[in-house]
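Undergrad: Quick one: the structure is below, questions incoming.
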Amino acid sequence: MNETKPSWFYLLLLILSGEAIFILPFVLPRVFRPTVLDVLELDNVQLGLCFSVYGLVAMVSYVLGGPLADKYQPQKLIAIALWMTALGGFVFAHYPAFWVLQILYGWWGFTTIFLFWAPMIKATRIWGGTDSQGKAFGFLDGGRGLTGALFSLMGVVVFSFFLSESPHLADLDDRKKAFTYVLYTASIIIILVGVLVWFFMKTTESDENIILERISWKDIKQVLKLPSVWLLMVIILCGYVGYKITDIISQYAEEVMLYNQVDSAKVGTLLQFLRPATGILFGLIADRLKITWLLVVSFVLALIGGLLFASGMIAPTTTLLFFISVVVIAAGVYGIRALYFGVMHVGKIPLALTGTAVGLISLIGYTPDVFAGPAYGMLLDAHPGEELGHQNVFWMLSAFALVGGVAAWVYHKKYGKDK
């Protein structure tokens, strides 16, 4: 299979589309969180509820969309998903009412998952073959991180360019106008990425041979009998909670470290650049070391980073400690993301049933899309603008990192000897 695996350009398009599709619902609200809350007139819980609507629709889409990846080629599914997602950006740019925003996030839950998620994971697994799963998924998540970082940087540049006043003096209308240009620019780029995927993501003969005519209940039962599937549900759930909580680091920079909105957005962008560095580094060494052991190490790093923030030691007077803690927590969280689908191969999950397995694993693994946003939103709003609220959120991250680390250790002990 390695001789006929898709080209590097195929992986590049997967990386580009794999992050572009999440720019509007997640990346821009993460980097510009204080601005998004202001221009949409939302509090933390309301924005969290929008993410919950996304998550509820995504739950259904994971299960129904997973088998599609085992039946159809990814090229057209991915392109259509990109175009449908971009349409939502033009709605977002009109700053709709809260109930419309919830519907929009439901729409994005469908467009980004039903047609897109499982095809992306399966295509990456095919590209990695039998001996490069760590490289494939490390490069995918690292590359997606770089794409997200570049989008974030572009967003900060566009936002700063269209502000008529300095960030300290800009009023709400000025920031709203500048952020509108950010949304339109991102939407147009996502449409263009869809065009590239439609015309240039060429499938190979090896892709054609790993398509099932239909998915039966027998296939689903076969997947559910695998211990690796159940362990991955726990591993991904815990790792994804950590990833979701990194959304508040730019807000932490503003409320605890006392940065202005542009500087806090720059911290969010720095976080985005740490993701590709971690993903690519871990991807390069994962196939030389035990990929399952590296997953355990990633959870340990996330736990250490979470405890540093939760301890209350990080304050405006400890800038160096703040950035060290950001790097540690980023290495852990992004390492987990880069590796958790890469261990499917050693977990004896059949390649032909990858889409179905991804759908079932994601049904549980990505439930943080439903509960994480409101949970940390309530913790923050219970102590608005105070360090205590942020500390409680990072205690939450630490608890999930501990549980995920135990599950990863069990996975390593059970399957790590095979690679």
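The values are calculated or read from the model by the stated rules, or taken from the named source; none is laboratory data. Remember, it's a predicted structure, so these values are computed and weren't measured experimentally. Positions of Cβ are backbone-derived with ideal geometry, glycine not excepted, and every protein chain shown enters the neighbour counts. Areas reflect the complete protein model, heavy atoms only, side chains present, ligands, DNA and RNA absent. Shrake-Rupley method; radii C 1.70, N 1.55, O 1.52, S 1.80 Å.
Undergrad: R0 = 35 Å: FRET efficiency of ILE364 with ARG288, Cβ-based, nearest 0.05? Intermediate values should be presented prior to the final figure.
TA: On the way: r = 31 Å, r/R0 = 0.88.
It comes to 0.70.
Undergrad: So if we plug the beta-carbon distance of LYS176 and ASP43 into 1/(1 + (r/R0)^6) with R0 = 22 Å, what FRET efficiency do we get, rounded to 0.05?
TA: The computed FRET efficiency comes out at 0.80.
Undergrad: A follow-up question, please. Compute the length gained on full extension between VAL300 and MET378: take 0.36 nm times their separation in residues and subtract their Cα-Cα distance, giving the result in nm to one decimal.
TA: Values: separation 78, 0.36 × 78 = 28.08 nm, distance 2.64 nm.
Full extension of this stretch gives 25.4 nm more.
Undergrad: Convert each backbone phi in the range 52-61 into a coupling constant with the Karplus relation 6.51 cos²θ - 1.76 cosθ + 1.60 (shift: θ = phi - 60°), then list the ³J(HN,Hα) values in order as whole Hz, x for Gly and Pro.
TA: Each residue of the range 52-61 in turn: 5, 4, 3, x, 5, 5, 4, 4, 5, 5 Hz.
Undergrad: Roughly what angle does helix 227-245 make with the longest principal axis of the chain, taking Cα atoms, 0 to 90 degrees, to the nearest 10?
TA: That works out to roughly 20 degrees.
Undergrad: If one computes the Cα centroid of the range 71-104 and of the range 256-315, what distance in Å separates the two points?
TA: When both Cα centres are located, 29 Å separates them.
Undergrad: I would also like to ask the following. For HIS94 and ILE188, calculate 0.36 nm times their separation in residues minus their Cα-Cα distance, and state this gained length in nm to one decimal. It would help to have the intermediate numbers written out before the result.
TA: Details: separation 94, 0.36 × 94 = 33.84 nm, distance 1.55 nm.
Result for the pair: 32.3 nm of gain on full extension.
Undergrad: Please list 103-114, 118-129 highest first by mean number of surrounding beta-carbon atoms within 10 Å per residue.
TA: 118-129, 103-114
Undergrad: Right, next: Can you compute the helix-only [θ] at 222 nm over the chain? Use -39500 (n - 2.57) per DSSP H run of at least 4 residues, normalise by all residues, nearest 500 deg cm²/dmol.
TA: Working: 19 runs with 316 residues, N = 419.
The helix-only estimate for the chain comes to -25000 deg cm²/dmol at 222 nm.
Undergrad: Roughly how tilted is helix 261-286, in degrees to the nearest 10 and between 0 and 90, from the longest Cα axis of the chain?
TA: Roughly 20 degrees, rounded to the nearest 10.
Undergrad: A further question follows. What is the percent carbon and sulfur in the accessible area of the chain, measuring with a 1.4 Å probe over the protein chains and ignoring ligands?
TA: Values: 10880 of 15480 Å².
Ligands and nucleic acids excluded, carbon and sulfur give 70 percent.
Undergrad: Explain nothing, just compute: Karplus ³J(HN,Hα) = 6.51 cos²θ - 1.76 cosθ + 1.60, θ = phi - 60°, for every residue of the range 189-197 in order, whole Hz, x for Gly and Pro.
TA: With the stated coefficients, the range 189-197 comes to 5, 4, 4, 5, 4, x, 5, 4, 4 Hz.
Undergrad: Right, here's the next one. Answer with one residue from LEU388, MET313, VAL326: the one whose Cα lies farthest towards the positive end of the charge dipole of the range 302-419, charges on Cβ with Lys, Arg +1 and Asp, Glu -1.
TA: The residue sitting most towards the positive pole is VAL326.
Undergrad: Next up: Using only the alpha-carbon atoms, how far is helix 354-365 inclined from the longest principal axis of the chain? Give it as 0 to 90 degrees, nearest 10.
TA: Once rounded, one gets 40 degrees.
Undergrad: In the neighborhood of LEU270, defined by Cβ-to-Cβ distances under 15 Å, what is the net charge if each Lys or Arg adds +1 and each Asp or Glu adds -1? Provide the component values of the computation, followed by the final result.
TA: Values: positive: ARG30, ARG33, LYS266, ARG275; negative: ASP247, GLU254, ASP263.
With Lys, Arg at +1 and Asp, Glu at -1, the neighbours total +1.
Undergrad: How high is the FRET efficiency from LEU87 to TRP8, r the C-beta distance, R0 41 Å, rounded to 0.05?
TA: 0.85
Undergrad: Taking the Cβ of PRO227 as the centre, find all other residues whose Cβ is under 13 Å away and add up their charges (Lys, Arg: +1; Asp, Glu: -1). Provide the component values of the computation, followed by the final result.
TA: Values: positive: LYS225, LYS348, LYS413, LYS414; negative: none.
Local charge sum for PRO227: +4.
Undergrad: Excluding ALA253 itself, what net charge comes from residues whose Cβ is under 13 Å from its Cβ, given Lys and Arg +1 and Asp and Glu -1? List each step's numbers first, then the result.
TA: Details: positive: ARG30, ARG33, LYS266; negative: ASP247, GLU254, GLU255, ASP263, GLU387.
Result for the neighbourhood of ALA253: -2.
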